[in-house]
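Colleague: Quick one: the structure is below, and I'll ask about it shortly.
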Amino acid sequence: MGAEISQFVEQTGPYLSAALGAYGAGVLARAEDAAVGATANAGRSILQAVWRRRGPAGRPELEAAVREAAEEPEDADAAAALRQQIKRTLREDPQLLAELAAQLPAAGVVTITASGERSIAAQTIGTAITGDNTTIRR
């Protein structure tokens, strides 16, 4: 079960980042916003479900982790602290893991489309240059 929890938490990273970017530290209290992308709303939904399952005694730690991750989006330690809070809740509530995992798109399914002259598309991209007579020097 530990590996399953870790895999789930890893998959939720982009959703959580999008939710924190869109809603900030208020992500736990905000209602769904149709103007915010589906990724941010999925992250918000995950965080709110974890918050509800924590109960009053465990919520302050989760709220602090959310606040720190929202205030310092580039801080890997803040993101790791939030992931640990989520893992703790999922270890205590295996049913929640099943419920949340069902909300995520199937892992490994990626659709990338590009069309037209010099179009590029990628899931992950480091450097991309299109055009004639291009040189890259390091």
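The values are calculated or read from the model by the stated rules, or taken from the named source; none is laboratory data. Just so it is clear, the model here is predicted, and its values are computed rather than measured. Glycine gets a Cβ as well: all are built from the backbone with ideal geometry, and neighbour counts include every protein chain shown. Accessible surface is based on the protein model in full, side chains and every heavy atom, while ligands, DNA and RNA are left aside. Shrake-Rupley method; radii C 1.70, N 1.55, O 1.52, S 1.80 Å.
So that you can scan it fast, the table gives a plain yes or no per residue for (1) open to solvent by 40 Å² or more (accessible area, probe 1.4 Å); (2) of a type in the set (Lys, Arg); (3) in contact with a Gly (Cβ under 9 Å, 6 or more places away or on another chain); (4) at pLDDT 90 or above:
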position: Glu72; (1), (2), (3), (4): yes, no, no, no
position: Ala80; (1), (2), (3), (4): no, no, no, yes
position: Arg91; (1), (2), (3), (4): yes, yes, yes, yes
position: Gln103; (1), (2), (3), (4): yes, no, no, no
position: Ser115; (1), (2), (3), (4): yes, no, no, no
position: Arg118; (1), (2), (3), (4): yes, yes, yes, no
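Colleague: When only residues in region 60-74 that are without any contact (Cβ under 8 Å) to a residue 24 or more places away in the chain and part of a helix (DSSP H, G or I) count, which is farthest from Ala18 (Cα to Cα)?
Modeller: Per the criteria, the residue is Pro60.
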